[in-house]
Amino acid sequence: MDFIGIIPARYASTRFPGKPLVDIKGNTMIERVYEQDSISLDHVYVATDDQKIVDEVSRFGAKVVMTDSAHKSGTDRLAQAIQIIQNHLTINFDVVINIQGDEPFIKPEQIEEIKTCFGDKNTEIATLVKAIENSEDIFDENKPKVIVDKNMNAICFSRSPIQYLRNTPKLDWVKRHKYFRHNGMYAYKTETLLKLTKLNESVLEKAESLEQLRWIENGYKIKVAKTNYDTLGVDTPEDLQRILKII
């Protein structure tokens, strides 16, 4: 199968304006993300709506496409980007991997893990999950939880702790049940990606502010692969300072 990685990158982030261009030990964040992705993928593009990011990506010799500034989600930006890229290259890619532009230390192994989901010809959407190892993550609303069926398809995502363990002290939940945290990386069959952007916002999505619930509500299955790697995401300036201390 032909895979392409696309990195949606916005300059006007509410919590951290200019985030893709911040310096991390001599390289901008977007450059670090691009370099990590290129280890596992022959085709990697940045999709942005800001000329400053276009200029930076061009500076370090990477590929970039300009997309509409009115997109409400990274998925919408991704869909426009793949259409531009395919028209330009006259290549039809089988699978598009949506790579977070604020994870400068993403592991190439994670990309390989999500690729394996498409060994099943019925897979239309794929994502990664990681086992939760501490109670704090179970109850952290900023770390969505996932439950899966026996075929490793996602049943539900929630900011609430799922599953609920009846008659068990909450501090013991992590010892009594296997919990999974959503990693955040997605991959889509190209034709599926274009269909997803035509779906209306759903009830569950509005309630939890989780876009993937829209797809499940509309009957799409999301194939899940497990990863042992943690992600170091940068949502705020405080996150950046924490990561700088780690590295």
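The values are calculated or read from the model by the stated rules, or taken from the named source; none is laboratory data. Just so you know, these numbers come straight off a predicted model, no measurement behind them. No Cβ is skipped: glycine too gets one built from the backbone with ideal geometry, and neighbour counts run over all protein chains shown. To get the accessible areas, we keep the full protein, side chains included, count just its heavy atoms, and leave off ligands, DNA and RNA. Shrake-Rupley method; radii C 1.70, N 1.55, O 1.52, S 1.80 Å.
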For this session: Output the number of the condition that SER40 fails; it satisfies all remaining conditions of (1) of a type in the set (S, T, N, Q); (2) assigned to a helix (DSSP H, G or I); (3) closer than 28 Å to TRP215 by Cα; (4) touching a residue at least 24 places away in the same chain (Cβ under 8 Å).
Result: (2)
Exercise. Of these, LEU232, LEU193, LEU199, LEU165, which one is in contact with a helix residue (DSSP H, G or I) (Cβ under 6 Å, 6 or more places away or on another chain) and within 21 Å of PHE118 (Cβ to Cβ)?
Worked result: LEU193
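Can you name every residue in region 54-89 that is more than 15 Å from LYS195 (Cα to Cα), of a type in the set (A, V, I, L, M) and in contact with a Ser or Thr (Cβ under 9 Å, 6 or more places away or on another chain)? Let's see the steps before the verdict.
Within region 54-89, the first condition is being more than 15 Å from LYS195 (Cα to Cα), and the residues that meet it are 54-72, 84-89.
Now drop any that are not of a type in the set (A, V, I, L, M), which leaves 54, 57, 62, 64-66, 70, 84-85, 89.
Once the filter is applied, which keeps residues that are more than 15 Å from LYS195 (Cα to Cα), of a type in the set (A, V, I, L, M) and in contact with a Ser or Thr (Cβ under 9 Å, 6 or more places away or on another chain), region 54-89 yields VAL54, VAL57, ALA62, VAL64, VAL65, MET66, ILE84.
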Exercise. Are any residues in region 13-37 in contact (Cβ under 8 Å) with a residue 40 or more places away in the chain and assigned to a helix (DSSP H, G or I), and if so, which ones?
Worked result: LYS19, PRO20, MET29, ILE30, ARG32, VAL33, GLN36, ASP37
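Step by step: first the residues of region 102-129, then only those that are under 11 Å from GLN36 (Cα atoms) and not in a helix (DSSP H, G or I), then the one that is most open to solvent (accessible area, probe 1.4 Å). Which residue is that?
Step by step, filter region 102-129, then rank; the result is LYS107.
Can you tell me which residue among ASN98, ASN134 is surrounded by fewer than 19 Cβ atoms within 10 Å (Cβ to Cβ) and in contact (Cβ under 8 Å) with a residue 40 or more places away in the chain? Reasoning before the result, please.
On the way: ASN98 fails: surrounded by fewer than 19 Cβ atoms within 10 Å (Cβ to Cβ).
Only one candidate qualifies: ASN134.
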Seminar exercise, completed: Of the residues in region 20-32, those that are at pLDDT below 95, among the hydrophobic types (A, V, I, L, M, F, W, C) and buried (at least 22 other Cβ atoms within 10 Å of the Cβ) come to MET29
Exercise. Based on what the data block shows, is ARG166 over 15 Å from ILE216 (Cβ atoms), open to solvent by 30 Å² or more (accessible area, probe 1.4 Å) and touching a residue at least 24 places away in the same chain (Cβ under 8 Å)?
Worked result: no
For this session: Would you check which residues across region 43-62 are within 19 Å of the chain's Cα centre (by Cα) and open to solvent by 50 Å² or more (accessible area, probe 1.4 Å) and list them?
Result: HIS43
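Applying the selection to region 63-73, what residues are open to solvent by 30 Å² or more (accessible area, probe 1.4 Å) and not in a strand (DSSP E or B)?
Of all residues in region 63-73, those open to solvent by 30 Å² or more (accessible area, probe 1.4 Å) come to 63-64, 66, 68-72.
ASP68, SER69, ALA70, HIS71, LYS72, listed by residue number.
So which residues in region 93-107 are of a type outside the set (A, V, I, L, M, F, W, C) and closer than 19 Å to THR28 by Cβ, if there are any at all?
Going residue by residue through region 93-107, those that are of a type outside the set (A, V, I, L, M, F, W, C) are 94, 98, 100-104, 107.
Matches in region 93-107: GLN100, GLY101, ASP102, GLU103, PRO104.
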Exercise. Scanning for something buried (at least 16 other Cβ atoms within 10 Å of the Cβ) and of a type in the set (Gly, Ala, Ser), does region 154-161 turn up at least one residue?
Worked result: yes
Problem set entry | In region 211-232, the residues that are closer than 18 Å to LYS143 by Cα and surrounded by fewer than 18 Cβ atoms within 10 Å (Cβ to Cβ) | LYS226, ASN228, TYR229, ASP230, LEU232
